[in-house]
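The values are calculated or read from the model by the stated rules, or taken from the named source; none is laboratory data. Since the model is a prediction, treat every value here as computed from it, not as a measurement. Here the Cβ is made from the backbone with ideal geometry for all residues, glycine too, and neighbour counts use every protein chain on show.
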């Protein structure tokens, strides 16, 4: 999921539609890791259905898949938003997403680490020119 998503993000960056700033790139890859965990869990559920059939316990596992998908959605919402500002509220939400993902075992260790890193790094790169300061 990370490789395919990275290729798609790279392709979108060539068109000028990619996330702007290192924080948004980290959040995008964190969302891809969460999405990969959801896909992996769904695949494991389908493999189990072949052997055991449908059991009631699958509802708990589907709840985890739903949580993984919500984490991916919220992280992607930040990553694709055009607003470059990383407010203290957004930082807190990204850290909360990372902590929930860590304790929910979403994205293994990579996704939560990327989400928390996205909250801690500057949201953009500042180039200093002698006349102006330009944000990218």
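Pick from 50, 12: which is assigned to a helix (DSSP H, G or I) and either within 13 Å of the chain's Cα centre (by Cα) or modelled with pLDDT of 85 or more (or both)? Spell out the reasoning first.
Values: 12 fails: either within 13 Å of the chain's Cα centre (by Cα) or modelled with pLDDT of 85 or more (or both).
Just one listed residue meets the conditions, 50.
Quick one: is residue 61 without any contact (Cβ under 8 Å) to a residue 60 or more places away in the chain and more than 16 Å from residue 110 (Cβ to Cβ)?
Numbers: without any contact (Cβ under 8 Å) to a residue 60 or more places away in the chain: yes; more than 16 Å from residue 110 (Cβ to Cβ): yes.
For residue 61, the condition - without any contact (Cβ under 8 Å) to a residue 60 or more places away in the chain and more than 16 Å from residue 110 (Cβ to Cβ) - is met.
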Quiz prompt | Members of the stretch 102-136 that are at pLDDT below 65 and part of a loop (DSSP other than H, G, I, E, B) | solution = 125, 129, 130, 131, 132, 136
Quiz item: Looking at residue 105, is it closer than 21 Å to residue 4 by Cβ and surrounded by 13 or more Cβ atoms within 10 Å (Cβ to Cβ)?
Solution: no
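I'd like to check something: does the stretch 45-57 contain any residue that is touching a residue at least 40 places away in the same chain (Cβ under 8 Å) and more than 27 Å from residue 122 (Cβ to Cβ)?
Going through the stretch 45-57, the residues touching a residue at least 40 places away in the same chain (Cβ under 8 Å) turn out to be none.
No: the stretch 45-57 contains no residue that is touching a residue at least 40 places away in the same chain (Cβ under 8 Å) and more than 27 Å from residue 122 (Cβ to Cβ).
How many residues are in a helix (DSSP H, G or I) and either farther than 27 Å from residue 10 by Cα or in contact with a strand residue (DSSP E or B) (Cβ under 9 Å, 6 or more places away or on another chain) (or both) when one looks only at the stretch 68-101? Full working, then the answer.
Taking the stretch 68-101 first, the residues in a helix (DSSP H, G or I) are 68-80, 88-101.
From what is left, the residues that are either farther than 27 Å from residue 10 by Cα or in contact with a strand residue (DSSP E or B) (Cβ under 9 Å, 6 or more places away or on another chain) (or both) are 88-89, 92, 96, 99-100.
Residues flagged as in a helix (DSSP H, G or I) and either farther than 27 Å from residue 10 by Cα or in contact with a strand residue (DSSP E or B) (Cβ under 9 Å, 6 or more places away or on another chain) (or both) within the stretch 68-101 amount to 6.
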